[in-house]
Amino acid sequence: MLSANRWGGTLPFLAGLSGRVPVHLIWGEADASVSPDYGRQAHSEIPLSTLRFVAGAGHLPYFEKPEEVNRLLDRLLIIFDVPAVSQEYERNA
């Protein structure tokens, strides 16, 4: 189980959302600030969550690899059938 001090109220909050809203964890594969092991643990403790690692990214994958993070988010929105994103994706595929 993850340390309560490390996560504060974040992990219980995310776990409580599971099943009501999607919880999608995107983690830098080379994160030296918060080890990818924490991402794996968080994923295992948040029911129905998904976890994706961004290769070559550290603690800020959305700044370091924005195209990859956007691709992951686009796929997530398509999976949950957000119409505007699904239509745009189909037009550009």
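The values are calculated or read from the model by the stated rules, or taken from the named source; none is laboratory data. Just so it is clear, the structure is predicted and the values come from calculations on it, not from any experiment. Glycine also receives a Cβ, built like all others from the backbone with ideal geometry; neighbour counts cover every protein chain displayed. SASA here: full protein model, heavy atoms, side chains in, ligands and nucleic acids out. Shrake-Rupley method; radii C 1.70, N 1.55, O 1.52, S 1.80 Å.
Provide the per-residue ³J(HN,Hα) series for region 21-34, in order, calculated from phi with Karplus coefficients 6.51, -1.76, 1.60 and θ = phi - 60°, each as a whole number of Hz, with x at glycine and proline positions.
The phi angles translate into 9, x, 10, 10, 9, 10, 10, x, 4, 10, 5, 8, 7, 10 Hz.
Using a 1.4 Å probe on the protein chains only, how many percent of the accessible area of region 16-81 belongs to carbon and sulfur?
56
Give me the one-decimal nm value for the distance between modelled label points at L51 and L25, 7 Å along each residue's Cα-to-Cβ direction.
Taking the two extended label points, one gets 0.4 nm.
Would you mind checking which residues have amide H under 5 Å from H59's amide H? H placed 1.01 Å from N; only 5 or more apart, or other chain.
The list, which skips near neighbours in sequence, is A32, S33.
Show the residues, 5+ positions off or on another chain, whose built amide H is closer than 5 Å to the amide H of F53.
W27
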